[in-house]
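For reference, the structure discussed in these notes is given below.
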Amino acid sequence: MTSIRSLSLASDEAQVLMPQRQAGALRVAIATQDMKGLNAHFGAAKCFAVFDVTCDAWTFMEALAVDNVSDESGNHQTGGDARIAAKVEALKGCHLLFCLAIGGPSAARLVSAKIHPVKVPHPQFFEDVLSRTQTMLRTAPPPWLRKVLAEVGDPAQRLSFDV
């Protein structure tokens, strides 16, 4: 069984399971081993750092700590489906997940939960990942991302079918 703990910034208000997303912000999760940067495979990530990202800023929202992770051996472990399901459930509400690698079944589960996995070839600091995301938001987001932005309420990304 996989246990996931949510660690978020404290406030005087009652916290819900996933902190409220800022209007128009993209919720981004980053797979990490040390809470310093993107440096983990999806299955082996000990934590997921969750940020809200807009064109102008990013805000740390919470860290999701995972107890039972893969050993990256490439061999299937017993309970793997439950481990993946728990991670996907904890990440619900996120729009993007950045990781070093992810298997096909895990990626399919994320996509069906409306979370787009993004593989990054090399470890990077959080700031670098988030800055590149902001640049993508400011310049020319790909069509799939424009659709997500329209759904999260970014008025600049409203889809128009008028000619």
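Readers should treat all values here as calculations from the given coordinates under stated rules, not as data from a laboratory. Since this is a predicted model, take the numbers as computed values, not measurements. Neighbour counts are summed over all protein chains in view; Cβ atoms, including those assigned to glycine, are modelled from backbone coordinates with ideal geometry.
List of remarks:
- Sequence ranges 122-135, 90-103, ranked by mean other-Cβ count within 10 angstrom, highest first: 90-103, 122-135
- 3J(HN,Hα) along the range 46-56: 7, 8, 10, 8, 10, 10, 9, 10, 10, 4, 9 Hz, from the Karplus curve 6.51 cos²θ - 1.76 cosθ + 1.60 with θ = phi - 60°, whole Hz, x for Gly and Pro.
- Note on residue 138/residue 112: beta-carbon distance plugged into 1/(1 + (r/R0)^6) with R0 of 22 Å gives a FRET efficiency of 0.15.
- Working ranking of peptides 51-59, 139-147, 36-44 by packing, defined as the average number of other Cβ atoms within 10 Å per residue, highest first, is 36-44, 51-59, 139-147.
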